[in-house]
Amino acid sequence: MAVAALVDELRASLSAEATVTASATAKLVYSRDSWPRLSLQARAGQRAISPPDLVVHAGTVADVVEVVRAAGRHSLPVVPFGAGSGVCGAAVPIKGGISLDTKRLLDLDLSRAADGLICVGAGWIGQRLEHELQRHGYTLGHFPSSIGCSTVGGYLATRSAGQYSTRFGKIEDMVVSLRFVDGEGQLRHTTEGPLDTTQLLVGSEGMLGVIVDAWLRVEPAATSGRLFRGYWCTSVSQGLEAMRRAIQAGHQPAVFRLYDPFDSFISGARKAEEGELLLPTDPQQWPRKKAPSWLPASLSPAELKPRLMTAANELLSRRPSATHWLNILASKAETGCLLIAGVEEASDEDAALLGRALFDDLGSRLQDLGPAPGEYWFAHRHDVSFKMAPILAAGMFVDTMEVSAPWHRVAALYDAVHAAVENEAFVMAHFSHAYTSGCSIYFTFAGFGADESDCLARYDRVWKAGLSAVAAFGAATTHHHGVGLLKAAWLGSDQPGGAPLFAAARREIDPAGILNPGKLWEVAP
Amino acid sequence: MTDRWQATRSLTPAHRPWPIAAGQPTLFVPASLEALAIELQRAPAAALLPLGGGTDGLATTQPDALYQLDHLLQPASVDEASATLDLPASMTWGAAQAIATAYGLTLTDLPDAFADATVGGTLARAPWQPVLHHSATARARCIGISAMLLTGERYHYKTASRTASGPDLRTHFLGRAGATGPILRATIEASREGHLPHDLSLPLTAASLQAVIGLQRRFGRALRLLPTPAAATIRLRLRSDRPETALLLDALVALGAQHTTQLTNERPAADRWLTLPFAEASTLIEATTELFCLALGPTHLTVALRKSHPPIALANHELIREGLLGAGFTRHSEVSQ
Ligand SMILES: Cc1cc2nc3c(=O)[nH]c(=O)nc-3n(C[C@H](O)[C@H](O)[C@H](O)COP(=O)(O)OP(=O)(O)OC[C@H]3O[C@@H](n4cnc5c(N)ncnc54)[C@H](O)[C@@H]3O)c2cc1C
Ligand SMILES: Cc1cc2nc3c(=O)[nH]c(=O)nc-3n(C[C@H](O)[C@H](O)[C@H](O)COP(=O)(O)OP(=O)(O)OC[C@H]3O[C@@H](n4cnc5c(N)ncnc54)[C@H](O)[C@@H]3O)c2cc1C
């Protein structure tokens with residue numbers, strides 16, 4: 001099929017708001033999402049896995065219908081594309097075809113907002129939607145770190161979670177129903193048949209339909225009813241126990257985050273005084289395998305800080321053994337762990353009452369640090385995700401791994417993943433998204449290789465070792481970043497035996513298999 | 001049926017979820033899960049269904065045979081720290097609650113009527129919960145299942161609290177009334193006993209329906225609104241997309257319900273609305289989460305706090321009282337709790 005002919009065909013049939021292009025720039029841009037591995041590949045000079053044949057910005061729901069039908073006629077894949085902030089390669093058009101950008105689907109029906117429901121087009125960027133809702137006195141309560149660069153369609157398609165998920169739930173808890181265009185170009189509503197298929201479409205990563213709009217729950221917006229408190233825990237286990245007890249006692253804080261010792265240290269909760277260096281100043285003399293016997297069993301913040309600064313700089317200059325050394329230092333930190341709790345309610349009174357109950361509960365078990373750590377977190381809550389670029393630019397790899405487990409396994413899972421990856425990368429973590437029965441662990445890891453291909457190989461080994469450890473624990477290999485190409489091999493661990501069920505759903509909704517082919521259960525194990 | 005199965009006993013009426021006695025299905029007892037798998041592959045779809053507690057009452061298709069599962073399933077286990085119960089599907093909620101109690105846990109958010117219903121039967125009938133009722137349903141508490149496909153293959157949705165591992169393939173079994181294969185086990189989130197409120201409730205009179213809706217909106221996550229028997233009428237929304245709606249409508253009209261007009265701009269527009277006396281409706285309201293229940297004003301409401309921690313319950317109690325009075329509610333002293 002001549003792409004040029006299809007471009008003409010679509011231009012003639014789509015609305016005036018739509019655009020159709022097969023330009024080299026568009027193809028390059030839409031050939032990838034924000035999966036760090038793709039950045040490593042690009043840095044190594046490798047070309048995109050596979051660019052799309054053309055890119056369409058649908059202007060209306062009818063455009064989406066038309067594009068899917070045209071793709072069907074030409075047997076071309078259609079890959080829905082939100083804002084490309086996905087971090088697992090889900091929107092990469094590995095079989096070419098049409099990248100279908102849904103950002104222009106911007107309908108917004110607030111007529112039932114007073115009943116706690118809105119209908120929103122898939123294209124809304126989270127931040128803009130939230131502004132618009134707050135202007136009318138409502139909030140969706142969905143605040144992912146990527147809120148400025150991700151869409152409602154993307155959230156739904158990947159089962160996204162925001163930073164306030166403990167209070168508002170994940171996106172799958174917020175959605176009531178949605179409309180989507182199936183693989184045959186039919187516009188469908190998930191509650192139109194005898195069975196509600198909403199949760200089948202949620203998380204389908206573009207394979208079971210192009211989501212065009214959704215009914216979501218909203219709540220009255222908080223104007224000023226936001227309170228934070230920081231707590232100091234002697235260990236990860238103590239912090240986890242305090243979180244578990246509070247959640248199971250019925251508290252529902254908006255923010256609940258426990259940082260491991262190293263993450264606590266660098267999160268700036270305790271300002272360490274500069275101390276004298278006990279380490280050899282020359283990093284060449286640093287040990288390569290085990291902690292040296294002359295290093296104290298634990299390091300105070302003042303002792304730790306200068307060593308960490310040196311080690312971090314050495315990591316950025318890719319000094320061999322720097323990752324290992326950072327892990328050792330982190331394990332020696334006697335800084336304890338920082339727990340941040342925050343409530344956000346529509347009114348000051350609500351926040352004060354709920355906050356008092358929560359803070360009294362936590363304060364009875366942990367050392368109260370006052371509001372400062374939480375307020376600091378709030379002011380900088382989106383910063384951390386955007387610190388990856390300089391690390392990648394320094395020739396390193398960096399990524400995040402978000403997993404979840406029942407409470408009784410969380411601490412052990414943390415240790416297991418740490419142990420699995422610490423020889424390849426520096427790793428730290430925080431615990432958030434708490435539920436009655438468990439919570440998620442968010443690992444950040446960084447490292448480097450002898451050269452670009454070694455760097456990629458090491459990056460892959462870290463993921464494999466980390467997720468294998470998670471799978472061996474029976475924990476969930478992905479909590480909110482979705483699956484994409486990165487985690488497809490572990491789907492069978494999270495939902496063993498799911499392949500025939502997914503295939504059946506696919507046959508019913510997209511018999512020709514044109515929607516984002518080759519992802520999720522279609523990735524060869 | 002084959003020699004792998006033996007008919008053990010005939011079904012008592014209590015075990016027949018079908019409204020019309022068109023004939024008695026046979027009860028079979030598979031010797032093993034493997035034997036069950038073979039039979040499922042042979043049987044025409046929906047001819048062979050799992051035996052539950054028989055409390056459904058709205059099932060429309062009657063199978064040729066039912067099969068028993070309980071002897072094939074491992075006993076229940078409890079994860080105390082995570083407050084979850086891993087239950088065989090054939091267990092009744094009554095039995096599940098007894099186990100939960102022994103561990104200081106509770107499932108009491110579930111309706112009392114569930115005592116004889118089984119875990120599997122409930123999930124097999126559970127729809128995705130509608131917006132306002134999401135926290136108390138068995139479906140919402142189910143964080144994992146193990147099931148068998150009609151091909152005999154097995155499926156597990158593992159018991160982490162939440163995942164982002166693609167579509168929720170439990171959809172294949174939940175609400176399918178056993179026609180897609182049996183649910184074998186379920187992991188259910190419980191609450192911690194002792195943290196439940198001592199039924200802090202607040203009798204109130206609503207000035208208007210809007211006030212009730214406002215209340216649901218504001219406190220929907222934190223409380224249940226229970227219209228009290230003193231209230232005269234209840235308005236129900238029956239979802240037109242449910243297969244049992246027609247049956248239910250007939251039953252309700254026989255009970256004295258009257259058709260009424262739609263209240264708000266609900267979606268889907270074809271939903272059916274009814275008004276009927278509370279006394280007759282109460283069982284039905286409890287009976288299915290597919291009904292939206294809105295009390296009409298002026299109306300007596302009992303506000304029952306769902307929050308489990310006494311300080312929170314108390315805090316909410318205050319909030320609610322103030323919020324309600326501000327929203328046009330008045331105290332109604334005659335309504336007992
Ligand atoms: C800096 C940064 C921070 C992040 N923080 C978070 C966080 O806090 N929480 C979190 O959950 N995630 C986070 N992410 C990941 C990412 O933002 C989410 O996965 C997000 O949901 C993706 O949305 P998107 O619109 O960019 O989708 P895309 O990346 O464009 O697409 C993701 C998948 O969804 C499908 N899709 C997109 N739109 C549609 C549609 N309309 N219909 C059907 N399928 C569609 C695509 O085909 C693809 O499979 C972060 C990412 C970055 C880069
Ligand atoms: C007084 C009363 C009050 C009720 N209150 C409520 C209420 O508050 N909320 C509510 O939702 N319902 C309520 N119901 C309806 C009924 O209790 C539920 O539908 C119940 O969950 C059915 O469970 P069961 O074990 O009795 O299933 P059954 O009636 O035995 O079976 C229902 C269907 O599920 C199938 N099934 C049974 N076990 C399995 C399994 N393991 N795997 C797959 N399929 C299976 C059966 O084959 C059958 O098709 C009430 C009923 C009564 C009589």
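The values are calculated or read from the model by the stated rules, or taken from the named source; none is laboratory data. In this text, all values refer to a predicted model and were calculated from it rather than measured experimentally. Quick reminder, even Gly has a Cβ in these numbers, built from the backbone with ideal geometry, and neighbours come from all protein chains shown. Side chains included, ligands, DNA and RNA excluded: accessible areas come from the protein's heavy atoms. Shrake-Rupley method; radii C 1.70, N 1.55, O 1.52, S 1.80 Å.
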List every DSSP H helix in chain A whose Cα atoms extend 20 Å or more along the helix's own long axis and whose mean Kyte-Doolittle hydropathy is at least -1.0. A:301-316, A:348-363, A:407-421, A:452-472
Sequence-distant or interchain residues sharing an amide H contact under 5 Å with B:Gly175, placed H: which? B:Ala124, B:Arg125, B:Ala126
Mind jotting down the distance between the C-alpha centroids of the range A:390-413 and the range A:1-76, whole Å? 32
Below 8 Å between Cα atoms, with a sequence gap of 6+, how large is the relative contact order for the range A:375-508 in percent? 25
Other-chain or far-sequence residues with amide H under 5 Å of A:Val212's (modelled H): A:Arg179, A:Phe180, A:Val181
To the nearest 10 square angstrom, what accessible area does B:Asp70 show with a 1.4 Å probe? 80
In the range A:108-220, if the dipole is taken from +1 on Lys/Arg beta carbons and -1 on Asp/Glu beta carbons about the Cα centre, which of A:Gln186, A:Gly148, A:Leu216 is farthest to the positive end? A:Gly148
Structure shown: which of A:Lys170/A:Lys387; A:Lys170/B:Lys158; A:Lys387/A:Lys519; A:Lys27/A:Lys103; A:Lys387/A:Lys464; A:Lys95/A:Lys387 lie over 20 Å apart, alpha-carbon to alpha-carbon? A:Lys170/A:Lys387; A:Lys387/A:Lys519; A:Lys387/A:Lys464; A:Lys95/A:Lys387
Ignoring ligands and nucleic acids, what accessible area does A:Lys170 show with a 1.4 Å probe (Å², nearest 10)? 0
I need the phi-derived Karplus couplings for the range A:51-56: 6.51 cos²θ - 1.76 cosθ + 1.60, θ = phi - 60°, integer Hz, Gly and Pro marked x. x, x, 6, 7, 10, 10
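Semi-axes of the equivalent ellipsoid for the range A:108-220, please: Cα gyration tensor eigenvalues, times 5, square-rooted, ordered largest first, whole Å.
Semi-axes, largest first: 22, 15, 13 Å.
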Quick one: compute the contact order of the range A:108-220, relative version, from alpha carbon pairs under 8 angstrom and 6+ residues apart, as a percent. 33
Solvent-accessible ranking of B:Tyr103, A:Tyr414, largest area first, probe 1.4 Å: B:Tyr103, A:Tyr414
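Please tell me the relative contact order of chain A in percent, rounded to the nearest whole number, where contacts are Cα pairs under 8 Å and at least six residues apart.
On the way: 1105 pairs, mean separation 86.3, N = 525.
Reported as a whole number, the value is 16 percent.
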Per residue of chain A, what 222 nm ellipticity follows from adding -39500 (n - 2.57) for every DSSP H run with n ≥ 4, rounded to the nearest 500? -10500 deg cm²/dmol
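About its Cα centre, what dipole magnitude does the range A:108-220 give when the only charges are +1 on Lys and Arg Cβ and -1 on Asp and Glu Cβ, stated in debye to the nearest 20?
Numbers: 9 positive and 13 negative charges, 62 e Å.
Dipole size: approximately 300 debye.
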Ignoring ligands, DNA and RNA, how do A:Thr25, B:Thr118, A:Thr158, B:Thr151 rank by accessible area with a 1.4 Å probe, largest first? A:Thr25, B:Thr151, A:Thr158, B:Thr118
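Can you sort A:Ile441, A:Ile125 by solvent-accessible area, 1.4 Å probe, largest first? Display every interim value, and only then the final one.
Working: A:Ile441 0, A:Ile125 25 Å².
From most accessible down to least: A:Ile125, A:Ile441.
Please compute, for peptide A:433-442, the average count of beta-carbon atoms on other protein chains lying within 10 Å of each residue's beta-carbon.
Mean shielding by partner chains, rounded to a whole number: 6.
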Mind checking A:406-414 for the average number of partner chain beta-carbons within 10 Å of each residue's beta-carbon? 3
Tell me, what HN-Hα J-couplings in whole Hz come from the Karplus equation 6.51 cos²θ - 1.76 cosθ + 1.60 at θ = phi - 60° for each residue of the range A:15-30, using x for Gly and Pro? 5, 5, 7, 7, 10, 10, 8, 10, 5, 4, 5, 4, 5, 5, 4, 8
Solvent-accessible surface (1.4 angstrom probe) belonging to A:Glu130, in square angstrom, nearest 10: 10
